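K.L.:
Have a look at this one.
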């Protein structure tokens, strides 16, 4: 077998090999069961509880969970705005990088607290190390928030009839200390030993073979990269993200990073199975996600490894596949695999330039973000999927002649209202954002010429991609877009903000409301949700609700581009 | 009624009425209730504006004929949706009216009333003048003018006008069978009846109002589904509206007709147009099964029922017990025993008593009795019998006879005790017979389980419904019959409050319970149950307490009601799936058509190879319109329910309506396009 393909297989198998036991471990952590690490972490957690003055055993209802989450995020928002706008005089700034403008700081702050990590700047020139450490902290925090909310939903799904559903701080602190921190530490050490810098010193100066003097940026990169992948954050230390040789130096570091992208999103499915004691349901959900994932992955790999049609037409063979915008040390296969991983999981780190993907691969990358729940971001991916489950349960429940119920709880008008609002939010944000920018550009192309380096279909794709990435809290970009201007900073900021918190509030509210409802025992007439048929139903709902509503937009961007070069 | 009901879906007079209604329903105030169709209504108005605009000389919107056709198709879509609702209403109304007609304008013999006292004078008035609380008299041959409750007398009544059942029934004052229905005919005797409902407020009137829409409320599930559909509609509003700037960017002018067509095709008009028809048809189907529902919600709830409480007698077993065996005691001559048994049953009017004589098969006319004294059954002695020629014969429950014998110093034979136990454990009822306070034998009474009832329970079990038998029998007998009939649970020696407690217990565990009842003492349980079906022959209290009334007084009707409820929900679910699955093909019809002139490369998406952009758009909207009337029969009849388990059912419906919903429009649109292409 082709080594590139073999590499992809190995990476995926390794994910599964780690994710299943990890999922069980996470389940134990949230269920407060004994784990091997208790002796180490109990005292650490206690410090945090004491510092924060919280009682981790006080049970909260869904509103209290949300209130805690939102309050915490607001505080960090203010803190981050302050740091980013005052970096120039704050400590740890050896390269004397300037402070950010208000609109860029707004965009960056939201970007990091919302787990998007869209970067309208380059870390080398726009960030001090203090700024980098601040946003690195948010990579932990935003991931921990998402995981805490997923934990809440798991317990809400499990409980029969109650509004006492665990403690937010308990879930959050444990997510950070017992899951993210140790895993990040392992990766950071591996990275540091494989050539990723970990230092607080400023730029280094080297002399190249030609005798030129080159200034090389460095910093606490290894730690930054570890959490960036683990928490599906994706915010790069350097501008080119994991395509940068110091951020992802070798095929080996690339393997670790790729595994880390998918690790926790996959593990959390099995965590759900463990907490609910419904392993079959976990496998059905995994199956649906995997099917969607493969449907995006396989054509992307084929497209990238086959090379660019336009170049083929010139009579140039491409034995390595489409290498424009890709790193030779990774190759087109592993890069294509990364593309689908990073977009399906709302990670958004890149090891190749998505702008240079063949048009259809670009579309599959966008589709991964448009669906945003094929594994999805840590915690939030499952929350998005939960909405699709609710919609599928509603329709298929009717189809078996009962008013719909999910895990013993009736789904009624109130839950449907919330589910529909969340389901239509994503198309609303993406399409409206793209519509506004298209309108502005179409009616005054000269004034906005700086936005698009490629007009035409590709330019449209760049704009569509930017909003899709923002709304999916993904953070990757089509590089050709000139996005560090107030219009993009602010509009993407708003999109990220809405697309982060509403899709958390919605599922948490539904799960909380359902948990408090009367429990209906299962009977032979009850729709079983842990069957392949139901999985198929969820998949169909995802395709029709999430994917098809973008069909006209995709037709004008990547599809038109694809057919026009064929 | 069954005989009068035509099963044709579209009777011509109903169609005419429905066609007329389709237009009156265009009233925006009415359209507003249905958000999906309301957006089509707005779209149609916009298109009319566009047509006028073009007529006034606008060039950019395509030619006038094409725009007029699009407008017309949209308008027809609206009419089709309205027609679906109207025909469902018309059918329900026709059904209810034919019931009501029987009772209109029959003369009523009103008892004159002075103050609180009823005089013995009779005044003949038309039935429509009767008021609640009036008392009228009916004699043999009279048609009962109004629903009411017998306050005096007993009569045999022919209820075939309502139930279709030709055997007359007995109704009498005071008991659980005191209720009479207007339109039925008194065959014998004379009764005084008190009117219990105001004119226009009978259950039938309420049902007609429900069907007509004036008082029809959306059921909770209908509301939730409407939210889902409204949500989809909003998504497609976003998709369509944002397409305008996208088109601007791609320098592709898109006509208003194309925008509105795309929008109307994508929104779930099929289910949106049929939704209320499905709900009405559910109530109508119940009415066809001779069940009057007091709300649409009751039908919907019936589909969710987890537990069915069924009375043993009449539902599981045929009427009454029958004597099946005689066991003379040791040393007692069988002929003598049989004779004694027959003697003791001579005056026994109960069906059990009669069956004893039947089984004995001896000619009772040969009996010469000297001054026989018949002893009636009382609750105290719990036995009955006869005193004749110094012989005292008694028959009764084992322990009653045991008491009687032992009180008089005679032992109760062990062997008899064994027989009694044996009969009980086989589901029979033992009757012990004594002569002069000595046991002479045992009669075995057996319940006859209705043929086919096991299969029905099997079917219910597959639906996931637990059946519970309610009986006054002792636990041993109850258990035997429960096992034999295949019910899941039973309540033995049931008192009315036991039913109530059982319902509460199940409900507390989250299950929905249905029951049927007729007596006043059933009323609290009927009210407590999620679906309470009262028999029409039952007391007024029972009928008020339940949420359905069964005109046939058929205890197995609950099973049908459950199936009707399930059908209703399934029809909604499958048509929603179908409607949404249709979008795939419509996207592939319209999206390439929108951009084909400016982006010829997108021709590759025209996988149906439709003739031209205009024909593609027209075919899609025409398909979208005609699928509604094509599915009206399905909406009215309901999707067939098969008790094959939830997962299998989902697989089946997903395949038919989901996969079918993806494929059918590809074929349909292509065919229409071939036809349309002939004219363009």
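K.L.:
Report the gain in length on full extension from residue A:190 to residue A:255: 0.36 nm times residue separation, minus Cα-Cα distance, nm rounded to one decimal.
P.N.:
Extra length from residue A:190 to residue A:255 when fully extended: 22.3 nm.
K.L.:
Which percentage, to the nearest 5, of the DSSP beta bridges contained in chain B is antiparallel? If you can, show how the numbers build up before the last one.
P.N.:
Details: 60 of 79 bridges.
Around 75 percent of the beta bridges assigned by DSSP in chain B are antiparallel ones.
K.L.:
When you count, for each residue, the other Cβ atoms within 10 Å and take the mean per peptide, how do B:224-231, B:123-130 rank with the highest first? Please list the in-between numbers first.
P.N.:
On the way: B:224-231: 23.4, B:123-130: 14.9.
Per-residue mean Cβ counts within 10 Å order the peptides as B:224-231, B:123-130.
K.L.:
When you count, for each residue, the other Cβ atoms within 10 Å and take the mean per peptide, how do A:123-134, B:647-658, B:58-69 rank with the highest first?
P.N.:
Packing proxy ranking, top to bottom: A:123-134, B:647-658, B:58-69.
K.L.:
Then there is this: For a protection proxy built on the mean count of beta-carbon atoms within 10 angstrom, sort B:249-256, B:17-24 highest first, please.
P.N.:
In decreasing order of mean packing, B:249-256, B:17-24 become B:249-256, B:17-24.
K.L.:
Testing the spin-label approximation: label points 7 Å from Cα along Cα→Cβ at residue A:17 and residue B:60. State their distance in nm.
P.N.:
A separation of 6.3 nm, rounded to one decimal place.
K.L.:
Another one. With a/c under 1.5 counting as rounded, go ahead and sort chain B into rounded, prolate or oblate using the C-alpha gyration tensor (a ≥ b ≥ c being the square roots of the eigenvalues; past the cut-off, prolate if a/b is larger than b/c, else oblate). Working shown, then result.
P.N.:
Working: a/c = 3.74, a/b = 2.23, b/c = 1.68.
It is prolate, given that a/c is not under 1.5 and a/b is the larger ratio.
K.L.:
Can you pull the mean other chain C-beta count within 10 Å for peptide A:544-554?
P.N.:
The mean count of partner-chain Cβ atoms within 10 Å per residue comes to 5.
K.L.:
Measuring from label point to label point, each 7 Å out along Cα→Cβ, what is the residue A:566 to residue B:455 span in nm?
P.N.:
Reported label-point gap for residue A:566 and residue B:455 is 5.6 nm.
K.L.:
Determine the percent antiparallel among the DSSP beta bridges restricted to the protein assembly as shown, to the nearest 5. Could you put the intermediate results ahead of the total?
P.N.:
Numbers: 68 of 87 bridges.
Percent antiparallel among DSSP bridges in the protein assembly as shown is about 80.
K.L.:
While we're on this one: Residues in the range B:327-349 near a label at residue B:415, defined as backbone nitrogen under 17 Å from the 7 Å Cα→Cβ point?
P.N.:
In the range B:327-349, the label zone of residue B:415 (backbone N under 17 Å from the point 7 Å along Cα→Cβ) covers B:327-338.
K.L.:
Would you mind ranking A:373, A:250, B:12, B:384 by Cβ crowding within 10 Å, fewest neighbours first? Write down the numbers at each step before the final one.
P.N.:
Values: A:373 31, A:250 14, B:12 8, B:384 21.
Fewest-to-most ranking of A:373, A:250, B:12, B:384: B:12, A:250, B:384, A:373.
K.L.:
Cα centroids of the range A:158-184 and the range B:590-659: how far apart, whole angstrom?
P.N.:
45
K.L.:
Quick one: length gained pulling residue A:59 to residue A:276 fully straight, 0.36 nm per residue minus the C-alpha distance? Before the final figure, lay out the partial values.
P.N.:
Details: separation 217, 0.36 × 217 = 78.12 nm, distance 1.84 nm.
The residue A:59-residue A:276 span can extend by a further 76.3 nm.
K.L.:
Within 10 Å of each Cβ in B:461-473, how many Cβ atoms from other chains are there, averaged over the peptide?
P.N.:
2
K.L.:
If you average the alpha carbon positions of the range A:514-566 and of the range A:86-143, how far apart do those two centres end up, in angstrom?
P.N.:
Centre-to-centre (Cα) distance: 36 Å.
K.L.:
Let me make sure I get this right: for the range A:1-132, a, b and c are the square roots of the gyration tensor eigenvalues over alpha carbons, sorted descending. Under 1.5 in a/c it's rounded, otherwise prolate if a/b > b/c, else oblate. Which is it? Display every interim value, and only then the final one.
P.N.:
Working: a/c = 2.13, a/b = 1.17, b/c = 1.83.
Here the range A:1-132 falls in the oblate category.
K.L.:
Please average, across the residues of A:529-540, the number of beta carbons from any other chain that are within 10 Å of each residue's own beta carbon, and give a whole number.
P.N.:
4
K.L.:
Please find the FRET efficiency linking residue B:30 to residue B:170, where r is the Cβ-Cβ separation and R0 is fixed at 51 Å, and quote it to the nearest 0.05.
P.N.:
E(calc), rounded to 0.05, equals 0.60.
K.L.:
To continue, here is another question. Over the range A:3-565, what relative contact order in percent results from Cα pairs under 8 Å that are six or more residues apart?
P.N.:
For the range A:3-565, the relative contact order is 19 percent.
K.L.:
Measuring from label point to label point, each 7 Å out along Cα→Cβ, what is the residue A:161 to residue A:487 span in nm?
P.N.:
Going by the 7 Å Cα→Cβ label model, 5.6 nm.
K.L.:
Find how many whole Å separate the alpha carbon centroid of the range A:346-421 from the alpha carbon centroid of the range B:530-558.
P.N.:
45
K.L.:
Given contacts defined as C-alpha pairs under 8 Å and at least six residues apart, what's the relative contact order of chain B, whole-number percent? Let's see the in-between values first.
P.N.:
Working: 1294 pairs, mean separation 99.9, N = 680.
Reported relative contact order: 15 percent.
K.L.:
In what order do A:176, A:492 fall by count of nearby beta-carbon atoms within 10 Å, going from fewest to most?
P.N.:
Going from least to most buried by this count: A:176, A:492.
K.L.:
Taking only DSSP H segments of four or more residues, each worth -39500 (n - 2.57), what value at 222 nm results for chain A once the sum is divided by all its residues, to the nearest 500 deg cm²/dmol?
P.N.:
-20000 deg cm²/dmol
K.L.:
Compute the helix-to-body angle for B:453-463: its Cα long axis versus the longest principal axis of chain B, expressed 0 to 90° and rounded to tens.
P.N.:
For helix B:453-463, the angle is close to 40 degrees.
K.L.:
For the protein assembly as shown, what is the per residue volume of the convex hull drawn over the alpha-carbon atoms, in cubic angstrom?
P.N.:
Expressed per residue, the convex hull around the Cα atoms of the protein assembly as shown is 241 Å³.
K.L.:
Continuing with the same structure: Between 0 and 90 degrees, rounded to the nearest ten: what's the tilt of helix B:334-345 against the longest Cα principal axis of chain B?
P.N.:
Tilt relative to chain B: about 70 degrees.
K.L.:
Would you kindly state how much longer the chain becomes between residue A:74 and residue A:502 on full extension, computed as 0.36 nm times their sequence separation minus their alpha carbon distance, in nm to one decimal?
P.N.:
My answer for the length gained is 152.6 nm.
K.L.:
Moving to a separate point now. What is the order of B:259, A:330, fewest Cβ neighbours within 10 Å to most?
P.N.:
B:259, A:330
K.L.:
Rounding to the nearest 10 and keeping the result within 0 to 90°, find how far the Cα-based axis of helix B:35-55 lies from the longest principal axis of chain B.
P.N.:
With both axes taken from Cα atoms, the answer is about 30 degrees.
K.L.:
Go ahead and estimate [θ] at 222 nm for chain B from helices alone: -39,500 (n - 2.57) per DSSP H run with n ≥ 4, summed, over the residue count, rounded to 500.
P.N.:
-16500 deg cm²/dmol
K.L.:
Something else: What FRET efficiency do you get for residue B:483 and residue B:371 if R0 is 45 Å and r is their Cβ-Cβ distance, rounded to the nearest 0.05?
P.N.:
With R0 = 45 Å, the Cβ-Cβ based efficiency is 0.45.
K.L.:
Taking the Cβ-Cβ separation of residue B:527 and residue B:151 as r and a Förster radius of 22 Å, what is the calculated FRET efficiency to the nearest 0.05?
P.N.:
It comes to 0.40.
Laboratory data are not the source of any read-out in this text; all were calculated from the coordinates shown. Source: prediction; values computed, not measured. Because the Cβ atoms are built from the backbone with ideal geometry, glycine has one as well, and the counts that use them run over all protein chains shown.
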